[in-house]
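I have placed the structure first, in the form of structure tokens, so that the comments after it can refer back to it.
The values are calculated or read from the model by the stated rules, or taken from the named source; none is laboratory data. In this text, all values refer to a predicted model and were calculated from it rather than measured experimentally. Backbone-built Cβ (ideal geometry, glycine too); neighbour counts: all protein chains shown. Note: areas computed on protein heavy atoms with side chains; ligands, DNA, RNA excluded. Shrake-Rupley method; radii C 1.70, N 1.55, O 1.52, S 1.80 Å.
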Amino acid sequence: MPGLVSVKTPPDAQPLRISVPNTPTQRSEPANIKTPSPLPKKPPSPSPSRSKKKTPETPPNPVLSDASLDNPDLGPFLLKLARDTIAGGDGPAKALDYAIRASKSFERCSVDGEPSLDLAMSLHVLAAIYCSLGRFEEAVPVLERAIQVPDVSTGADHALAAFSGYMQLGDTFSMLGQVDRSISCYDQGLQIQIQALGDTDPRVGETCRYLAEANVQAMQFDKAEELCKKTLEIHRAHSEPASLEEAADRRLMALICEAKGDYESALEHLVLASMAMIANGQDNEVASIDVSIGNIYMSLCRFDEAIFSYQKALTVFKSSKGENHPSVASVFVRLAELYHRTGKLRESKSYCENALRIYSKPVPGTTAEEIAGGFTEVSAIFESVDEPEEALKLLLKAMKLLEDKPGQQSTIAGIEARMGVMYYMIGRYEDSRNAFESAVVKLRTSGERKSAFFGVVLNQMGLACVQLFKIDEAAELFEEARGILEQECGPCHQDTLGVYSNLAATYDAMGRVGDAIEILEYVLKLREEKLGIANPDFEDEKRRLAELLKEAGKTRDRKAKSLENLIDPGSKRTKKEGTKRWPGLGFRI
């Protein structure tokens with residue numbers, strides 16, 4: 001689920017500078033360059049009362065001409081001009097020109113066969129300026145050139161230059177929504193850093209944490225857990241007990257454990273993190289951890305303890321940040337969800353209204369991402385109480401807030417997928433299909449085409465196509481979803497079984513009875529041999545298969561089953577809780 005953790009630049013400084021400001025940092029952040037306007041300032045219009053005198057044209061500066069780029073002193077001078085232009089607030093357009101010329105000068109003056117750190121640095125600065133202008137696609141080839149310049153075998157300086165280039169390139173791919181390529185760059189950068197500094201250096205720990213957060217955003221929780229454990233080991237070796245670094249690592253580990261369903265381990269990490277924050281006097285951070293502890297208690301159905309944790313956090317946020325701060329609204333949303341789950345709908349609605357009041361009139365400093373996240377969470381509550389129209393309104397507001405924000409493609413795709421579900425629920429099938437289609441395009445672009453979430457979205461889009469009688473398109477979508485879910489979840493997972501059922505029904509509608517029979521026989525075999533037959537879907541699938549076999553003039557080839565396989569040992573669902581179906585066709589939502 002895109003957007004679980006905000007990836008922040010590690011604070012530790014590195015010897016090589018990769019961003020425009022003069023302060024060296026470990027990681028390049030495109031947003032570091034802030035200017036009053038992305039465009040050059042226009043000169044004031046001449047007064048009509050003054051005589052118009054022809055201003056003599058400024059002769060071209062010989063220092064900046066292409067002919068002088070062979071001067072070895074020009075590259076550093078132009079690079080300094082680029083930095084000074086940004087720092088002076090003159091806009092990135094001039095700085096971009098200076099940085100381009102600086103890179104050309106360094107390239108011309110470099111000795112053939114010898115790597116130039118000055119060239120690599122100028123390319124990093126040039127890429128950072130492109131990113132500050134929102135021109136991320138143009139920054140990519142610049143950074144790809146930059147990582148080819150250093151010779152890692154030459155020494156630590158070159159290794160760290162290559163490391164910085166890979167990390168900056170990963171950040172740029174992340175802003176473009178290309179998650180897989182982003183993580184691949186981070187992985188390569190980490191390996192180079194480990195070779196240069198060793199695997200226990202504190203800076204390696206910061207990079208491991210950075211990469212763990214990126215993997216959490218990509219929902220690759222096993223890899224994230226492995227990296228976070230390594231970060232914890234490094235910080236424990238180099239920091240005091242109960243340090244702020246260890247507390248931050250434990251909060252991330254708790255998030256990973258929660259995502260994997262290991263709530264007890266998540267709770268343990270959060271309690272240790274809270275103790276560390278208390279020891280360091282970080283009251284607001286303690287309150288944030290209390291919210292996370294409340295979430296775990298709610299997942300464990302320990303509702304009284306969850307309410308206590310939420311109320312503690314609410315008291316601190318109100319006193320330290322004000323009653324209209326988004327942090328207060330986020331606790332209101334959690335309480336609204338809790339009271340909805342416990343059947344107290346009036347209290348739940350009241351907390352939703354209080355949260356929306358804050359999000360609708362945000363205090364200065366509130367980011368669009370915070371507001372959009374709040375709208376999305378409240379919409380989920382409206383969806384659960386069968387108010388899809390209200391949920392849709394909030395999702396539309398959230399999407400409008402994020403549509404112009406770089407790096408939010410996966411988040412927008414998730415919102416569009418939920419909108420597709422809402423449209424489907426209210427019978428607007430064309431709108432549903434269009435929303436799913438837009439989400440699918442974004443997920444393909446962002447590199448999430450192999451995730452289980454992508455397979456579920458394909459399945460939902462296929463159902464919308466069925467309602468619009470686009471059977472061939474539905475079959476293609478179900479087939480792609482089957483391949484993904486078999487790989488990611490396995491054939492026995494409920495989502496995979498649902499796609500099998502939908503695909504069989506589609507084949508039946510297309511007249512491909514033999515293929516439909518083959519799928520249903522496979523599903524029944526899975527249930528009888530591995531899942532048991534007490535599941536409420538078993539009888540429905542058995543009936544559908546019998547009808548198809550009768551139509552085809554065949555009988556089912558059955559094998560003797562052991563008695564222990566006749567009861568589904570893992571099924572606790574009742575008939576009322578069973579998967580929703582279309583009785584006539586056998587489709588599952």
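General observations
- For the peptides 94-102, 543-551, 162-170, residues were scored by their other Cβ atoms within 10 Å and the scores averaged per peptide; the highest-first order is 162-170, 94-102, 543-551.
- In a fully extended conformation the segment linking Asp304 and Glu389 would gain 27.4 nm over its present Cα-Cα distance, using 0.36 nm per residue.
- The gain in end-to-end length when the Lys321 to Leu345 segment is fully stretched comes to 5.8 nm, 0.36 nm per residue minus the alpha carbon separation.
- Ordering of 221-231, 361-371 by burial proxy (mean other Cβ atoms within 10 Å per residue, highest first): 221-231, 361-371
- For segment 288-432: accessible area per residue (Å², 1.4 Å): 46 Å²
- Inter-label distance for Glu403 and Glu479, nm, one decimal - labels placed 7 Å from Cα along Cα-to-Cβ: 3.4 nm
- Expressed as a whole percent, the accessible surface of segment 194-277 that belongs to carbon and sulfur atoms is 48, based on a 1.4 Å probe.
- Label-point gap, in nm, between Ala279 and Ser184 - each point 7 angstrom along Cα→Cβ: 4.3 nm
- Sorted largest first, extent of segment 67-159 alpha carbons per principal axis (Å): 39, 29, 22
- Gyration tensor (alpha-carbon) shape descriptor, segment 288-426, a/c threshold 1.5: oblate
- Glu137-Glu551 pseudo-label distance in nm [points 7 Å out on the Cα-to-Cβ vector]: 4.7 nm
- Counting only protein chain heavy atoms and rolling a 1.4 Å probe, the accessible areas of Ser184, Ser348 rank, largest first, as Ser184, Ser348.
- Between the amide H of Asp90 and any residue lying 5 or more places away or on another chain, no distance stays under 5 Å, with hydrogens modeled in the peptide plane.
- Rounded, prolate or oblate (a/c below 1.5 giving rounded, otherwise prolate when a/b exceeds b/c) for segment 248-340 by Cα gyration tensor: oblate
- Accessible area expressed per residue, segment 87-134, with surrounding protein chains retained (probe 1.4 Å, Å²): 41 Å²
- Those GluC sites (Glu not before Pro) in segment 293-364 that DSSP places in a loop and that have at most 15 other beta carbons within 10 Å: Glu323
- Cα gyration tensor shape for segment 73-228, rounded if a/c is under 1.5, else prolate or oblate: oblate
- Which listed pairs, of Lys450/Lys470; Lys312/Lys344; Lys349/Lys442; Lys393/Lys470; Lys260/Lys312, have C-alpha distances above 31 Å, in listed order: Lys349/Lys442
- The mean accessible area for residues of segment 136-257, using a 1.4 Å probe and ignoring ligands and nucleic acids, is 38 Å² per residue.
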